[in-house]
Amino acid sequence: MDRVGDLGPVERLLDQACVWGIELEPRFRVLGVTVEPERTRRDATALASRPDGDTRLQLACFPVSTILGSLRQTTATGVTVMRFTEQQLVDVVAAFDGAILSSPIFAQPEPRPGLWGPSFSLEGRSTAPDGVSATITMSLRRDDLALDLFARFDEWRLLDASGEPVRL
């Protein structure tokens, strides 16, 4: 487990990475983000030396105390905010088909109501006192869809495709 405070190397690795999945396990309060770093990054090149060549990584953030999401579709008549549940998060992210994640990712403030639309598409808050040390904010774009996701957490772990910890 890695404590918050040393997320700079993770931020650099995830900047411009393809996002292949995001899921929330509410029972254990774990947010998992599956990404494939840009291959020109030094760390991603080292990962490519794996025998199977799989450079995907999973960032696990836990315990999550707050999750906010906004899924919006822009059409000729305006912007529609679409609601979804935490169980639908995997399917929502799949619609973005490997969209690129851009910095800043960590240490961003919680979005104020109205910033991502008139209301949030997804909102979950724990009453537990933990899960408040750090934040992750992910913004994905694909054609007429926009997804912004925010979460608060305390610890993180970065794993390679085989589930082994990655040290940066």
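Each of Met138, Met82 was scored by other Cβ atoms within 10 Å of its Cβ. Arranged with the fewest first, they read Met82, Met138.
Between Leu159 and Met82, the FRET efficiency from the beta-carbon distance, with R0 = 45 Å, is close to 0.90. Relative contact order of the stretch 57-142, taken over Cα pairs closer than 8 Å and 6 or more residues apart, is 46 percent. Contact order for the chain, expressed relative to its length and based on alpha carbon pairs under 8 Å spaced 6+ residues apart, stands at 31 percent.
Net charge dipole, the chain: roughly 260 debye, given to the nearest 20, about the Cα centre with Cβ charges of +1 for Lys and Arg and -1 for Asp and Glu. When the stretch 2-160 is described by a simple charge dipole with +1 on each Lys and Arg Cβ and -1 on each Asp and Glu Cβ, the residue from Thr34, Leu158, Pro63 located farthest towards its positive end is Pro63. When each of Phe106, Phe96 is scored by the number of other beta-carbon atoms lying within 10 Å, the sequence from fewest to most is Phe106, Phe96.
Model label sites at Asp15 and Asp144, defined 7 Å from Cα along the beta-carbon direction, differ in position by 3.3 nm. Computed from backbone phi, the HN-Hα couplings of the stretch 16-29 come to 6, 7, 7, 9, 9, x, 9, 9, 10, 9, x, 4, 9, 6 Hz, rounded to whole numbers (Karplus: 6.51 cos²θ - 1.76 cosθ + 1.60, θ = phi - 60°; Gly and Pro given as x). Quarter the surface of the alpha carbon convex hull of the stretch 61-152 and you get the mean projected area, 6.2 square nanometres.
The length gained by stretching the chain between Leu115 and Phe28 to full extension, at 0.36 nm per residue less their Cα-Cα distance, is 28.4 nm. Exposure proxy shown here: for Val33, Val81, Val10, the number of other Cβ atoms within 10 Å sets the order, fewest to most, as Val81, Val10, Val33.
Read-outs: derived from the displayed coordinates by stated rules, not from any lab. Fair warning: this is a prediction, and the values are worked out from it, not measured in the lab. Here the Cβ is made from the backbone with ideal geometry for all residues, glycine too, and neighbour counts use every protein chain on show.
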